[in-house]
Amino acid sequence: MTKPLVVLVGPMGAGKSTVGRLLAERLGAGFRDTDDDVEAAEGRSISDIFVDSGEDHFRAVERAVVATALAEHTGVLALGGGAVMAEETRTLLAGHRVVFLRVGLTDAAARVGLGAARPLLLGNVRGTMKTLLDERAPVYESVATAVVDTDGMTPQEVASAVLEVVE
């Protein structure tokens, strides 16, 4: 059975894409981001998908691309921040090496930026980020085989910490 070396989960601003690329490079493996897969499948940005087709459509496409990536990809895989909220995805993650990149509100907001084009952050950015972090943290923890706290760390330091917990 084909499966990723490691699956990175966590909220926006945790560094999944940045750290994932560094990890893949260090492991001599490929990197795949399911947000990129969604955009490729739809031929448009995630923001455009949310605006034009709605979150339900986005989540349906996301579930499909995550299932495909988990079945096909053999390198480092980064999931979109909300992907683990789908029960179907949580079930598929069983048996995989899943690392939750935990980030606090201050670091997440600094990394994402308060004016970022993130569809779930329209309006009160910090308030929405806090709500998402609070709601999703227990779900990330439930699917994770390891947790790495990223606050105050560089992407290189986070990548090193992930390597320590997966090797």
Check: Restricting attention to the range 43-57, which residues are modelled with pLDDT of 95 or more and assigned to a helix (DSSP H, G or I)?
Finding: His57
Notebook entry, point to check: Mind checking which pairs have a first residue in the range 151-162 that is under 9 Å from Leu22 (Cα atoms) and a second that is open to solvent by 60 Å² or more (accessible area, probe 1.4 Å) and not in a loop (DSSP other than H, G, I, E, B), Cβ under 6 Å, 6 or more apart or different chains?
Noted result: Pro155/Thr18
Item checked: Residue in the range 33-65 that is surrounded by the most Cβ atoms within 10 Å (Cβ to Cβ), counting only those that are under 18 Å from Val143 (Cβ atoms) and touching an Asp or Glu at 6+ places or on another chain (Cβ under 9 Å) -> Thr34
Notebook entry, point to check: Does the range 27-42 contain at least one residue that is part of a loop (DSSP other than H, G, I, E, B) and free of Cβ contacts under 8 Å to residues at least 40 places away in the same chain?
Noted result: yes
Next item on the list: Find the residue count for the range 66-93, including only residues that are free of Cβ contacts under 8 Å to residues at least 40 places away in the same chain, among the aliphatic types (A, V, I, L, M) and surrounded by fewer than 24 Cβ atoms within 10 Å (Cβ to Cβ).
Entry: 3
Check: Any residue at all in the range 96-106 that is open to solvent by 10 Å² or more (accessible area, probe 1.4 Å), at pLDDT 95 or above and either touching a Gly at 6+ places or on another chain (Cβ under 6 Å) or not in a loop (DSSP other than H, G, I, E, B) (or both)?
Finding: no
Note to self: Looking for something more than 19 Å from Val158 (Cβ to Cβ), buried (at least 18 other Cβ atoms within 10 Å of the Cβ) and of a type in the set (Val, Ile, Thr) - is there at least one such residue anywhere in the range 19-26?
What the structure shows: no
Check: When the residues of the range 131-167 are filtered to those that are touching a Phe, Trp or Tyr at 6+ places or on another chain (Cβ under 7 Å) and part of a helix (DSSP H, G or I), which remaining residue is most open to solvent (accessible area, probe 1.4 Å)?
Finding: Glu141
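The values are calculated or read from the model by the stated rules, or taken from the named source; none is laboratory data. Everything quoted here is computed from the prediction, not taken from an experiment. Neighbour counts are summed over all protein chains in view; Cβ atoms, including those assigned to glycine, are modelled from backbone coordinates with ideal geometry. We work out accessible area using only protein heavy atoms, side chains counted, and drop any ligands, DNA or RNA first. Shrake-Rupley method; radii C 1.70, N 1.55, O 1.52, S 1.80 Å.
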